Amino acid sequence: MTGPAGTELGPVQCRICGGDVHGFLDLGRQPLSDAFLDPGGDASGEFFYRLAVGLCGSCTMVQLMEEVPRERMFNADYPYFSQGSAVMREHFRATARRFLEKEASSESPFIVEIGSNDGVMLGTVRDAGVRHLGFEPSGSVAAVAREAGVAVREEFFEAATAKAVREEYGPADVVFAANTLCHIPYMGSILEGVDVLLGPDGVFVFEDPYLGDIVAKTSFDQIYDEHFYFFTATSVQQMARRGGLELVDVERLPVHGGEVRYTLARQGARTPSPAVAELIEQEEAARLHAPETLRGFAEAVAAIRGDLSSLLRRLKEEGRTVVAYGATAKSATVTNYCGIGPDLVARVHDSTPAKQGRLTPGAHIPVVAPEGFSEPYPDYALLFAWNHADEIMAKEQGFREAGGKWVLYVPEVRVV
Ligand code: SAM
Ligand code: TMP
Ligand code: ZN
């Protein structure tokens, strides 16, 4: 496969096993997905990288072919606040309660989170009076957690920082990461850190978008700078072994368009649940890691680009008003890959104050508050936050009642 400038897509070296990663999808030149710009500011300094995805022929891990330096993405300007969704708040409350009930039986339990963000999960642990610590390098969100009384270390989790915490606090009963482990290319250092920090019967639990759902739904917008890995039970089982750990449970989750929660324990410490072998069998039956399957996915992605840009162009010719809803990181891939700018989508409504009044990365569409959505309602709204469809459509019921229509592009382009 060749890239935009006619260059071969790989192979590059797998960040898990060192094997060859061959590209199967090229999404071209992309900006940082969470780098919103100030209007009137200088856009000439906007950072771009090449977004392409490949498959490791040795360990089956699907991963990006180019890495963005972590400080460019996760810093004091990071604008993603996890508590912005009521559904996710409840999801993490339930997650914390489960840890407190099932994994916190030691004398003085200790729960660590990698990527604790604004404290959406650890807030419940703090309320229970249980020892906890969040690793959160992005100052913007770490400050919110700290103000709420959550203990946070404003630094990246890796082998060195994990060692420092083990020395200060002792072993952890749970190390948890949600929508964060897939963001971290330097997995060797992470697994070393988990090995140092985890108690003998502790669990390392992480949940991230599932490649099986991404392929089944053609949700190509899950691919952006921050999402470096696209995990499966098959690839995580191999990755775990390299870190001296064992995959002992998997659970499919409906959040964020389909995720899997993986539970890892020290080798031999826990009996693996039958769900692990079942999911691996399903992945084999679906030929999820076969190059043909992934090439088929890439073809479906190109078809969505064609369909979405034709629809938006037709609506413009017909004189319809079109806006978008949810200035998600995912939408950076959609706008920049499909060529959607302010000429096709006038503005994006989003509830995050840190995004409002700014321009979306690369495409430069103005972001405004949701309050203006009904003043007046547009004819069409492109739902970039499709993973929060139920929550947003319920909140914005008046839009449909006024005759407005939602435009969706996952799993295919459609108007509802
Ligand atoms: N856990 C929250 C959730 O599920 O909503 C936040 C997810 S957010 C998409 C990813 C978070 O991981 C960001 O807040 C980012 O700053 C943080 N992060 C990135 N690399 C990290 C690392 N090496 N250690 C700890 N946190 C990291
Ligand atoms: P996410 O898909 O990465 O979680 O991002 C969701 C984005 O959508 C985030 O910027 C917040 C925004 N949002 C709203 O504007 N209104 C809502 O009701 C919800 C749930 C999210
Ligand atoms: Zn590999």
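The values are calculated or read from the model by the stated rules, or taken from the named source; none is laboratory data. As the structure is a computational prediction, the values presented were derived from the model and not from experiment. A quick note on method: Cβ atoms are made from the backbone with ideal geometry, for glycine too, and the neighbour counts reach across all protein chains shown. When the accessible area is computed, the model is the full protein with side chains, heavy atoms only, and any ligands, DNA or RNA have been set aside. Shrake-Rupley method; radii C 1.70, N 1.55, O 1.52, S 1.80 Å.
Per-structure values
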{"item": "Output for the range 67-85, where each listed residue is more than 16 Å from ligand 3 (Cβ to nearest atom), in a loop (DSSP other than H, G, I, E, B) and under 18 Å from residue 35 (Cβ atoms)", "result": "68, 69, 74, 75, 76, 77, 78, 79, 80, 81"}
{"item": "Pair list, Cβ < 9 Å and 6+ apart or interchain, from the range 167-182 residues that are closer than 16 Å to residue 98 by Cα to residues that are open to solvent by 40 Å² or more (accessible area, probe 1.4 Å) and modelled with pLDDT under 95", "result": "173/105; 173/106"}
{"item": "Total residues in the range 26-66, condition open to solvent by less than 30 Å² (accessible area, probe 1.4 Å), more than 18 Å from residue 140 (Cβ to Cβ) and assigned to a strand (DSSP E or B)", "result": "15"}
{"item": "Identity of the residue in the range 259-276, open to solvent by less than 30 Å² (accessible area, probe 1.4 Å) and assigned to a strand (DSSP E or B), that ends up farthest from ligand 2 (Cβ to nearest atom)", "result": "265"}
{"item": "The range 16-45 residues that are more than 13 Å from residue 333 (Cβ to Cβ) and among the β-branched types (Val, Ile, Thr), paired with ones that are open to solvent by less than 20 Å² (accessible area, probe 1.4 Å) and in a loop (DSSP other than H, G, I, E, B) (beta carbon under 9 Å, 6 or more apart)", "result": "16/59; 16/61; 21/14; 21/61"}
{"item": "Verdict on residue 279 being surrounded by 14 or more Cβ atoms within 10 Å (Cβ to Cβ), among the hydrophobic types (A, V, I, L, M, F, W, C), under 27 Å from the mean Cα position of the chain (by Cα) and over 25 Å from residue 23 (Cβ atoms)", "result": "yes"}
{"item": "Residue 85, sole failed condition from (1) surrounded by fewer than 23 Cβ atoms within 10 Å (Cβ to Cβ); (2) more than 16 Å from ligand 2 (Cβ to nearest atom)", "result": "(2)"}
{"item": "Every residue from the range 360-383 that is of a type in the set (A, V, I, L, M, F, W, C) and surrounded by fewer than 16 Cβ atoms within 10 Å (Cβ to Cβ)", "result": "369"}
{"item": "Test: residue in the range 67-76 that is of a type in the set (A, V, I, L, M) and in contact with a Phe, Trp or Tyr (Cβ under 6 Å, 6 or more places away or on another chain)", "result": "yes"}
{"item": "Evaluation of residue 124 against (1) more than 28 Å from residue 62 (Cβ to Cβ); (2) in contact with an Asp or Glu (Cβ under 7 Å, 6 or more places away or on another chain) (one fails), failing number", "result": "(2)"}
{"item": "Meets criteria (of a type in the set (Ser, Thr, Tyr) and free of Cβ contacts under 8 Å to residues at least 60 places away in the same chain) for residue 337", "result": "no"}
{"item": "Residue check for residue 321: open to solvent by less than 60 Å² (accessible area, probe 1.4 Å) and touching a residue at least 12 places away in the same chain (Cβ under 8 Å)", "result": "no"}
{"item": "Test for residue 107: is it open to solvent by 50 Å² or more (accessible area, probe 1.4 Å) and assigned to a loop (DSSP other than H, G, I, E, B)", "result": "yes"}
{"item": "Every pair of residues 6+ apart whose Cβ atoms lie under 7 Å, when the first sits in the range 141-155 and is surrounded by fewer than 16 Cβ atoms within 10 Å (Cβ to Cβ) while the second is in a loop (DSSP other than H, G, I, E, B) and β-branched (Val, Ile, Thr)", "result": "none"}
{"item": "Per-region count, the range 12-54, residues basic (Lys, Arg) and more than 16 Å from ligand 3 (Cβ to nearest atom)", "result": "2"}
{"item": "Subset of the range 13-51 (residues that are within 23 Å of residue 190 (Cβ to Cβ) and among the hydrophobic types (A, V, I, L, M, F, W, C))", "result": "14, 16, 17, 21, 32, 51"}
{"item": "Pair list, Cβ < 6 Å and 6+ apart or interchain, from the range 387-406 residues that are touching a residue at least 40 places away in the same chain (Cβ under 8 Å) and open to solvent by 30 Å² or more (accessible area, probe 1.4 Å) to residues that are assigned to a loop (DSSP other than H, G, I, E, B) and within 12 Å of ligand 2 (Cβ to nearest atom)", "result": "388/85"}
